[in-house]
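Below: the structure, in structure tokens.
The values are calculated or read from the model by the stated rules, or taken from the named source; none is laboratory data. The structure displayed is predicted, hence computed values, not measured ones. Cβ placement follows ideal geometry from the backbone for every residue including glycine, while neighbour counts extend to all protein chains displayed. Each accessible area value is taken on the protein alone, full model and side chains, heavy atoms only, with ligands, DNA and RNA left out. Shrake-Rupley method; radii C 1.70, N 1.55, O 1.52, S 1.80 Å.
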Amino acid sequence: MEWYLVPNVEYHGQTFLKRVKVGGKSICLVGYDGEVFALGSKCPHAGGDLSQGWCKDGTVVCPLHRYTFDLRTGKGSAGQNDYVNTYPVEVKGNAVYVGISSFWENIKQIFK
Ligand code: FES
């Protein structure tokens, strides 16, 4: 896994949603309830941009049809049968880093 500094983002405990590009991935970065989360930015339902949505009860809400995804697991709410990828986040000082695994690292995880 490689850690990438998220450019142009400083975290001071604020609530925010922002689409960022790190490690070749388009990520929805979320500051919520004193933590920072990173999820895939594209909603699996019909491609909505999750960073244009909002947070509610530990989920991010897609702005197009209001599907919700858990900020920690990426799992869709009951009945949706879908998910978005999640990525580990570290905050050092005010800088935010996102961990991205390579394709082959992800394949190895499947066969462990
Ligand atoms: S595109 Fe996200 S809920 Fe439909």
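Okay, here's what the table says:
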| item | result |
| --- | --- |
| Strands (runs of 3 or more DSSP E) contained entirely in the range 20-60, each with at least 2 residues that are open to solvent by 50 Å² or more (accessible area, probe 1.4 Å) and within 15 Å of the ligand (Cβ to nearest atom) | 54-56 |
| Verdict on residue 74 being free of Cβ contacts under 8 Å to residues at least 40 places away in the same chain, away from the ligand (no atom under 16 Å from the Cβ), under 12 Å from the mean Cα position of the chain (by Cα) and buried (at least 19 other Cβ atoms within 10 Å of the Cβ) | no |
| Odd one out for residue 79 among (1) near the ligand (Cβ under 9 Å from one of its atoms); (2) open to solvent by 40 Å² or more (accessible area, probe 1.4 Å); (3) of a type in the set (Gly, Ala, Ser) | (1) |
| Residue check, residue 4 within 16 Å of the ligand (Cβ to nearest atom) and open to solvent by 20 Å² or more (accessible area, probe 1.4 Å) | no |
| Inter-residue pairs, beta-carbon under 6 Å, first in contact (Cβ under 8 Å) with a residue 40 or more places away in the chain and in the range 30-50, second in a loop (DSSP other than H, G, I, E, B) and within 12 Å of the ligand (Cβ to nearest atom), 6+ apart | 39/84; 40/84; 43/62; 44/82 |
| Residue pairs meeting the criteria (Cβ under 8 Å; at least 6 apart or on separate chains; first touching a residue at least 12 places away in the same chain (Cβ under 8 Å), in the range 90-112; second in a loop (DSSP other than H, G, I, E, B) and among the aromatic types (Phe, Trp, Tyr)) | 91/11; 94/11; 95/11; 96/11 |
| When residues of the range 82-112 are limited to those that are in a strand (DSSP E or B) and open to solvent by 80 Å² or more (accessible area, probe 1.4 Å), the one nearest to residue 3 (Cα to Cα) | 92 |
